[in-house]
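J.: Structure in structure tokens, see below.
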């Protein structure tokens with residue numbers, strides 16, 4: 001039986017992945033209506049599936065010419 005592994009990331013990892021976002025900008029970003037829903041809310045904060053965040057980033061980068069700043 002093959003087990004699947006889910007890679008997760010929190011707001012801090014999202015900040016690192018995008019680069020250059022302040023904490024406030026990152027929280028605004030993850031609260032956008034088009035951002036993926038978190039898969040869990042832990043005591044340390046929300047977590048997202050890496051694959052979903054990466055897919056969202058790819059879509060946003062191609063449609064907005066790399067501008068990922070919150071509106």
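J.: Cβ-Cβ distance below 9 Å, separation of 6 or more or different chains: which pairs start in region 18-37 with a residue that is under 14 Å from residue 52 (Cβ atoms) and end on one that is surrounded by fewer than 10 Cβ atoms within 10 Å (Cβ to Cβ) and at pLDDT below 95?
T.: If the second residue must be surrounded by fewer than 10 Cβ atoms within 10 Å (Cβ to Cβ) and at pLDDT below 95, the pairs left are 32/71.
J.: In region 12-31, what residues are surrounded by 13 or more Cβ atoms within 10 Å (Cβ to Cβ) and part of a loop (DSSP other than H, G, I, E, B)?
T.: 21
J.: With surrounded by 15 or more Cβ atoms within 10 Å (Cβ to Cβ), part of a helix (DSSP H, G or I) and modelled with pLDDT of 95 or more as the only criterion, which of 53, 47 stands out? Walk me through how you get there before you give the answer.
T.: Values: 47 fails: part of a helix (DSSP H, G or I).
That would be 53, the only listed residue that is surrounded by 15 or more Cβ atoms within 10 Å (Cβ to Cβ), part of a helix (DSSP H, G or I) and modelled with pLDDT of 95 or more.
The values are calculated or read from the model by the stated rules, or taken from the named source; none is laboratory data. Just so you know, these numbers come straight off a predicted model, no measurement behind them. Cβ: placed from backbone, ideal geometry, glycine included. Neighbour counts: every protein chain shown.
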